[in-house]
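Engineer: Let me begin by handing over the structure; questions about it come next.
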C-alpha cells in the first residue's frame, strides 16, 4: 500500500486548544449548556474605529495583492509602535507582516532550523512552539518550571540546557498559559547567559504585551539586554491587544537576513496577508489606544474574582497572574485523591459533568494543571466557578 502522508505529519499533533474550543462549540450547537473557559481570544469586539478603517479600505479598492511582507503603511505603523512602546528601532527591511503571530513563528522556525537543531522552550509553553519546531526537524529542549518557582526558569536552568546544537531559545512573557511575566532583573539575568553563547538566536513572543498589570511595566529580553539586537527576533500581533484574532495579522522584527528568509518562505506559501486586514491593523496601531486599558481593566477584575474563587476550592493550588487572560491552577491534589488520575480526564469530566470547557495542562507540557481562561463576561465566570466547585466536591465524596 502506498504511503500517503509525509513523515513530518507524524511528528506533530493538532492544536489542543483549538480542539477543545471546537468540542465546546459542538456541544453548544447541540443545545448543551457549556461555559467555554478554554477560549484563547478576547470576548470583546474589535473597536469600531478599526472596523471602519477596514470598510474604508474595501470602498477605496484596497482588495489587490500587497507586498509579500506587508504594506509600507503598516510597516511604518509597526516601526512607530516599536519606538513608542519598546524603545526599539527598526527599518522596513527588518519587519515582516504575516497572517498572525503563529505564522510569523512558523516562517521563522522554517528559516533557521535544520534537522537536529535544538530549540530551548521553557514549560509551561504555548502549544504550538513544540509542534512547529518538530515540523521543521528541530528538537525541542524543554525546561520545566512549576508553580513552586512561579513558572519561571532560572539562569542556571538555561545554562544547563544549552549545547553546541542549540539554535533557538523562545521567551514568552507574559506567558500563555501561566499568566506570569518575568521581571526586568530576571530577564537581564537570562540575557547574560545568552550573551555567552553567540550561536543562539533569541525569540521573544510579546503577544500579551499590553495585557499586563504587574508592578513593573512591560519589558522583553531585548529591551533589557540590547546587546542581543543582532540575534533577537521580536514577534507580536494585533490579535489579543485589539481583539482582532480573526483578522490574522501578526508581525516580526529582527536581523535583515532572517526577515528576508521569512519573506522568501511566505512568498511561496500565503503570499501577502489580507490587504483589508492590513489596513485595519494600521489603524489599530496608529489610532486611539484607550481601548487597550478598557479591556485590560476588565480582564484584571475577572482575574481577581477567579483567583479568589479558585483559592477556596479543595485540591486546587493557584497563584495570581501578572497578565494575559489565563489562570493556571495545579489540580495535582485532586488527581491524587480521586478516581480521576490525570488532567486530561479531569478536563473531560468537567466538560461532560459540569458544562465547563478548560484546557488540560498536559497540552502545555505541564501535567497536573488546568488552563482556565477569564476571557468571558464576569457573570459567566461566577457561574463557572460555582459549577467547578460543585464538580470538585462531588468527586471528593
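The values are calculated or read from the model by the stated rules, or taken from the named source; none is laboratory data. Only a predicted model underlies this, so the values are computations on that prediction, with no experimental measurement involved. We place every Cβ from the backbone using ideal geometry, glycine too, and count neighbours over all the protein chains shown.
Engineer: Only one residue in 68, 39, 20, 97 is modelled with pLDDT of 95 or more and in contact with a strand residue (DSSP E or B) (Cβ under 8 Å, 6 or more places away or on another chain), so which one is that? Steps first, answer last, please.
Structural biologist: Numbers: 68 fails: in contact with a strand residue (DSSP E or B) (Cβ under 8 Å, 6 or more places away or on another chain); 39 fails: modelled with pLDDT of 95 or more; 20 fails: modelled with pLDDT of 95 or more.
The conditions single out 97.
Engineer: Something else about it: Can you pull out the residues in region 52-82 that are surrounded by fewer than 12 Cβ atoms within 10 Å (Cβ to Cβ) and not in a helix (DSSP H, G or I)?
Structural biologist: Those that are surrounded by fewer than 12 Cβ atoms within 10 Å (Cβ to Cβ) and not in a helix (DSSP H, G or I): 60, 61, 63, 64, 65.
Engineer: Would you tally the residues in region 367-387 being crowded, with 24+ Cβ neighbours inside 10 Å and either free of Cβ contacts under 8 Å to residues at least 60 places away in the same chain or in contact with a strand residue (DSSP E or B) (Cβ under 6 Å, 6 or more places away or on another chain) (or both)?
Structural biologist: Of the residues in that region, 6 qualify.
Engineer: So, one more: Among the residues in region 187-204, are any at pLDDT 95 or above, within 25 Å of residue 370 (Cβ to Cβ) and in the same structural domain as residue 238 (by TED's automatic domain parsing)? Give the steps one after another, and end with the answer.
Structural biologist: Narrowing region 187-204 to residues at pLDDT 95 or above: 187-204.
After this cut, where a residue has to be within 25 Å of residue 370 (Cβ to Cβ) as well, the list is none.
No, region 187-204 has no match at all.
Engineer: Kindly evaluate residue 258 against the criterion of being closer than 26 Å to residue 175 by Cβ, surrounded by fewer than 24 Cβ atoms within 10 Å (Cβ to Cβ) and outside the structural domain of residue 375 (by TED's automatic domain parsing).
Structural biologist: On the way: closer than 26 Å to residue 175 by Cβ: yes; surrounded by fewer than 24 Cβ atoms within 10 Å (Cβ to Cβ): yes; outside the structural domain of residue 375 (by TED's automatic domain parsing): yes.
So residue 258 fits the description; yes.
Engineer: Same structure, new question: Just the residues that are part of a loop (DSSP other than H, G, I, E, B) and in contact with a strand residue (DSSP E or B) (Cβ under 8 Å, 6 or more places away or on another chain), please, taken from region 136-145.
Structural biologist: Of region 136-145, the ones part of a loop (DSSP other than H, G, I, E, B) are 136-138, 145.
Matches in region 136-145: 138, 145.
Engineer: So, one more: If a residue must be crowded, with 24+ Cβ neighbours inside 10 Å and without any contact (Cβ under 8 Å) to a residue 60 or more places away in the chain, how many such residues does region 222-240 contain?
Structural biologist: Residues meeting the conditions: 2.
Engineer: Could you grab me the full set of residues in region 153-162 that are touching a strand residue (DSSP E or B) at 6+ places or on another chain (Cβ under 6 Å) and touching a residue at least 40 places away in the same chain (Cβ under 8 Å)?
Structural biologist: Taking region 153-162 first, the residues touching a strand residue (DSSP E or B) at 6+ places or on another chain (Cβ under 6 Å) are 153, 157, 161.
Result: 161, single match.
Engineer: How many residues are surrounded by fewer than 19 Cβ atoms within 10 Å (Cβ to Cβ) and out of contact with any strand residue (DSSP E or B) (no Cβ under 7 Å at 6 or more places or on another chain) when one looks only at region 163-192?
Structural biologist: Total satisfying the criteria: 7.
Engineer: Mind listing whichever residues of region 193-211 are surrounded by fewer than 21 Cβ atoms within 10 Å (Cβ to Cβ) and farther than 23 Å from residue 112 by Cβ?
Structural biologist: Listed by number, the list holds a single entry, 210.
Engineer: Do you know which residues across region 342-366 are over 13 Å from residue 24 (Cβ atoms) and buried (at least 20 other Cβ atoms within 10 Å of the Cβ)? Before the answer, list the steps.
Structural biologist: Of the residues in region 342-366, the ones over 13 Å from residue 24 (Cβ atoms) are 342-346, 349, 353, 360-366.
The answer is 343, 346, 360, 361, 363, 364, 365, 366.
Engineer: Criterion first (crowded, with 18+ Cβ neighbours inside 10 Å, touching a helix residue (DSSP H, G or I) at 6+ places or on another chain (Cβ under 8 Å) and either closer than 15 Å to residue 111 by Cα or at pLDDT 95 or above (or both)) does residue 251 satisfy it?
Structural biologist: Values: crowded, with 18+ Cβ neighbours inside 10 Å: yes; touching a helix residue (DSSP H, G or I) at 6+ places or on another chain (Cβ under 8 Å): yes; either closer than 15 Å to residue 111 by Cα or at pLDDT 95 or above (or both): yes.
Against the criterion (crowded, with 18+ Cβ neighbours inside 10 Å, touching a helix residue (DSSP H, G or I) at 6+ places or on another chain (Cβ under 8 Å) and either closer than 15 Å to residue 111 by Cα or at pLDDT 95 or above (or both)), residue 251 qualifies.
Engineer: Let me ask something else about it. List the pairs whose first member sits in region 70-92 and is without any contact (Cβ under 8 Å) to a residue 12 or more places away in the chain, whose second member is part of a loop (DSSP other than H, G, I, E, B) and surrounded by fewer than 16 Cβ atoms within 10 Å (Cβ to Cβ), and whose Cβ atoms are under 9 Å apart, counting only residues at least 6 apart or on separate chains?
Structural biologist: Close Cβ pairs (under 9 Å, with a partner that is part of a loop (DSSP other than H, G, I, E, B) and surrounded by fewer than 16 Cβ atoms within 10 Å (Cβ to Cβ)) amount to 83/89.
Engineer: Considering only region 355-391, state which residues are over 21 Å from the mean Cα position of the chain (by Cα) and either at pLDDT below 95 or assigned to a strand (DSSP E or B) (or both).
Structural biologist: Within region 355-391, just 356 meets the criteria.
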